[in-house]
Amino acid sequence: MSPSPRPLFSAARHRAQRDRMARLPASANFLAPIIAETLLDRLAMVTREFPRTLLIGAHDRTLADHLRASGTKLTLAEAAPRLAAETGAVAVEADAIDLPFGSFDLIIWPGGLDSVNDVPGALVRLRALLAPDGLLLGAFVGDGSLPRLRRAVMADGVRSIARLHPQIDLAAMGNLLQRVGFTLPVVDVEALTVRYGDWFALVRDLRAAGLSSRLIPAPPPLTREEAARVAASFAAQGDPDGRIGEAFRVVYFSGWAPHPDQPQPARRGSGTASLAEALKPKT
C-alpha cells in the first residue's frame, strides 16, 4: 500500500490564521464583501428556494446574517476553534466535514478551496452533503493573482524558497467539478486591481484576508535585508505616481448535485441539422 501524499498545507496554521482574522475589524478584509456580494447576486438569479444551507467559514457575519434573513436554516462550518465557538459553528476543516449525506440544499464556500490538501476529495465530500438538485456556490483567489508579488519574492539576494501558494486555474476547476460528479458546472473569473503604496500594505491585506502562506514546511521568515530587497523590487514595478497595482483574480464556481429533472445534454448523433450543409457557401 503506497503511503499517503505529504500534506501541502498546514491545517494548524490555517486555524490560527482564521482566529487572527476574527480579531480584526470586518473592514480590514477588503475581499470578503466583494466576494459575498457577487455570490449573493448569483444566488438571487436562481429561481428556487433552499431550505437548508451550509456556509463554510464564519468570518463574514454580514453574509451569514443575509442568508438567515432569507429564511433558510443556516449551518456554519468554521476551521478556527475560537471563531467557531463564538458563532455557534461546527469546528471543522472544510475537507473534513462529517455530516449526514444529503443534509443541505445549498452550500456556499466564499474562499479557501484552493488551499485544502485534497481538492477533489473536498468536492466529493461536498457533493455528498448536497441533496439531489442541491447547489454548490463558491469563490477563491485563483491563477494569475499577485504577479508583482511573485516577481518581488524572486528578487536577487532573496533565498529561493516557495513562499506563495500554487493556484488553480479556470479550466482545472471546471474539469474538477465535472470529474467529481457535479452537473451544469459554471466557472468564471473577476479580475480586480488594487493599488498599493508599498509592499507592506499588500502584506497587511493578505493577512487580513487569510491569504498568508500555510505551506508545509513553513518558509523561514525573511531577513531584514531580504525584506528590504522584496519591498524595493515590488516598488520598482510601480506606476509613475509611485503606487503599485496588484492583481487579484477571483474565480467563481458553481455546480449542481445530479437530479433527473435537470437539463441533459443532447445524445450524440441526435442532431437533425448537418454541419457540412451549414458550412456550404450560399449561392
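Rule-based calculations on the coordinates, nothing more; no lab input. Nothing here was measured: the structure is a model prediction, and the numbers come from that model. Virtual Cβ from ideal backbone geometry, glycine too; neighbours counted across all protein chains shown.
For the reader, a short list of remarks on this structure follows.
- Projecting the Cα atoms of Pro147, Pro217, Phe200 onto the charge dipole of segment 139-257 (Cβ charges, centred on the Cα centre) puts Pro217 farthest toward the positive pole.
- Fully extended contour minus Cα-Cα distance, from Asp41 to Ala171, at 0.36 nm per residue: 44.5 nm
- Cα pair distances of the chain binned at 5 Å [whole percent]: 1, 5, 11, 14, 16, 15, 12, 8, 6, 4, 3, 2, 1, 0, 0
- A Förster radius of 30 Å, combined with the Cβ-Cβ distance separating Ala128 from Arg6, puts the computed FRET efficiency at roughly 0.70.
- Under-5 Å amide H pairs with Lys73, H placed in peptide plane, nonlocal only: Arg52, Thr53
- Mean Kyte hydropathy of 0.0 or more with a Cα span along the axis of at least 18 Å, helices from DSSP in the chain: 31-44
- Once the Cα-Cα distance is subtracted from the 0.36 nm per residue extended length, the Ala201 to Ala28 segment shows a gain of 61.1 nm.
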